[in-house]
Amino acid sequence: MAANPMTQFNVYRIGPEIKVGAFDISFTNASLFMIISTLAILIIFNLGSKKNSLLPNKIQLLAELSYTFVSKMISDTAGVKAKPYFAFIFSLFMFVLFCNMLGMIPYTFTVTSHIIVTFVLAAFIFIGVTFIGFIKHGFGYLKLFVPSGVPAVLLPLIVVIEIISYLSRPVSLSVRLFANMMAGHTMMKVFGGFVVSLGIVGGWLPLSFSVALTGLEILVAFLQAYVFAILTCIYLNDALNLHH
Amino acid sequence: MIKKIYFQSIFFSFLFSLEAFAAENGGMPQLNPEFWVSQIFWLTLTFGILYIVLSKLILPKISNNLETRKSQILENIEAAEKQREDSETKLKEYEEIISKSKLEAKNIFNQAREKALKDINAKREVLDKQIDEEISIAEEEINTLRKSAPEKINTIAIEASSDLIQKLIGAEVNNSSISAIVDDLSKRNGDKYYGN
């Protein structure tokens with residue numbers, strides 16, 4: 001039944017089943033939208049960087065504005081040392097943003113509404129940041145868990161809390177994005193369903209809600225991509241500049 | 001690390017239990033692990049390609065574009081500044097030339113005036129001298145004339161009076177006696193006639 005608001009999240013195989021060993025890596029609708037997002041990003045930014053005119057055209061302006069936006073975000077939160085990671089954070093921000101935004105088009109699939117996708121991204125960030133921290137500071141990175149200026153009595157408790165908060169980073173990062181996407185799309189589907197079931201008489205109210213929700217969801221799509229990227233920057237900042 | 005693994009195992013077990021719960025209701029497809037591996041594989045592939053192409057090809061180009069634009073704008077500003085300075089110096093030079101030529105014109109004018117004045121003065125002096133000379137010559141002439149005048153007058157008077165006497169009385173009178181009388185008269189009346 002299309003009326004079930006969760007069917008929009010169904011992953012189904014497109015084409016034949018592909019198996020590598022025990023693993024099923026078939027091409028699915030999720031894969032399709034990942035590829036569409038990637039291609040869209042690459043096409044837009046390729047067009048935006050092709051010509052270098054002194055007065056940029058619209059697409060060049062778009063590419064350059066995104067570049068300076070992300071670059072400013074990184075330098076503001078993680079400082080100059082984070083410059084080598086600019087390309088990664090830029091791709092991350094753009095990938096999440098495009099997946100979120102493509103999901104706003106009706107009958108599309110939202111890649112980021114799947115916990116496994118966001119969790120893989122978050123886990124990769126978590127592991128990468130932890131590696132960077134240990135490479136830059138050695139075992140001194142463990143000082144992150146011992147905040148300065150804390151009474152010795154409280155220290156065991158604080159250290160445990162710090163470790164838990166550090167380890168929960170990938171979970172919070174991935175669940176935040178996934179839950180926002182899923183909740184928003186579910187809500188829109190529910191309101192859409194109300195429009196149909198209430199018909200021409202009572203359907204206007206949920207329809208107006210649906211319109212308002214669409215605007216809100218576009219905002220959320222951008223905001224969550226931004227939050228995802230900026231939290232990555234903050235974690236990177238912890239690893240690069242050990243402040244504690 | 002152990003803690004992390006422990007934590008993740010908790011997390012995953014939580015997901016699996018949810019999934020089992022969801023499967024009953026036909027609920028969240030997100031928790032159906034059927035396509036997890038596929039999603040992880042395609043995510044890694046697409047994101048990896050995206051990252052490589054962006055970092056190796058596109059982002060350097062954009063940053064290069066931004067840099068060249070920045071430097072070009074700076075260059076243009078510098079060139080404009082230079083041209084402004086050039087024009088200012090040229091304006092100064094022009095003004096200098098103008099003031100110099102004004103001064104020169106003044107000098108030339110002054111020199112010409114002085115020269116003209118000198119010429120005029122020289123000519124005037126020459127003329128004055130000539131006039132003076134002529135005046136003095138004339139005065140001399142007048143003087144000589146004045147000196148010779150009484151004698152001539154006397155002779156004329158003597159001749160005239162002898163003629164007159166001859167015509168009046170028809171007798172010849174000795175010239176010397178007449179001259180004596182005229183001399184006597186002229187001596188007596190000399191003051192009256194000549195103002196000497």
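Read the figures in this text as sums done on the coordinates, not as results from a lab. Note that the coordinates shown come from a computational prediction; the quantities given were computed from them, not determined experimentally. Every residue, glycine among them, receives a Cβ derived from its backbone with ideal geometry; neighbour counts consider all protein chains shown.
Laid out as a table, the results:
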| read-out | value |
| --- | --- |
| Prolate/oblate/rounded call for the protein assembly as shown, Cα gyration tensor, a/c under 1.5 rounded | prolate |
| Nearest-ten-degree value, helix A:86-102 long axis tilted from longest Cα axis of chain A | 20 degrees |
| Cα gyration tensor category, rounded, prolate or oblate, for the range A:154-244 with a/c compared to 1.5 | prolate |
| Distance between modelled label sites at B:D86 and A:I200, nm, 7 Å Cα→Cβ extension | 7.7 nm |
| Cβ neighbours within 10 Å from other chains - mean over A:68-76 | 1 |
| Over 19 Å (Cα to Cα) - which of A:K81/A:K136; A:K51/B:K82; A:K72/B:K70; A:K83/B:K56; A:K81/B:K70 fall in this group | A:K51/B:K82; A:K81/B:K70 |
| Ranked by how many other beta carbons lie within 10 Å on average, peptides B:37-45, A:112-120, A:136-144 from highest | A:112-120, B:37-45, A:136-144 |
| Sites A:Y226 and B:I52 - FRET efficiency at Förster radius 30 Å, r taken between beta-carbons, to 0.05 | 0.80 |
| Computed [θ] at 222 nm, helices only, for the protein assembly as shown once each DSSP H run of length n ≥ 4 contributes -39500 (n - 2.57) | -28000 deg cm²/dmol |
| Among A:I163, A:A82, A:V220 - extreme Cα towards positive end, dipole of the range A:7-240, charges at beta-carbon | A:A82 |
| P(r) tail fraction, the range A:7-240 - alpha-carbon pairs more than 31 Å apart, % | 38 percent |
| Residue mean of other protein chain beta carbons inside 10 Å, A:104-116 | 3 |
| Average other protein chain Cβ within 10 Å of Cβ, residues A:29-37 | 4 |
| Dipole of the protein assembly as shown, positive end: most advanced residue of B:S63, B:I77, B:I165 [Cβ charges, Cα centre] | B:S63 |
| Förster-model FRET efficiency, 41 Å R0, B:T68 and A:N241, C-beta, rounded to 0.05 | 0.85 |
| Extension gain (nm, one decimal) between B:R113 and B:E34, 0.36 nm per residue minus Cα-Cα | 16.9 nm |
| Rough spin-label spacing in nm, given labels placed 7 Å along Cα→Cβ, for A:V150 and A:S165 | 0.8 nm |
| Selection from A:F178, A:L39, A:F191 lying farthest towards where the dipole of chain A points positive, charges on Cβ | A:L39 |
| Cut-off 16 Å, label 7 Å out along Cα→Cβ of A:A123, residues of the range A:216-241 by amide N | none |
| Total charge dipole magnitude, chain A, about the Cα centre, Cβ charges on Lys, Arg, Asp, Glu only, Debye to nearest 20 | 420 debye |
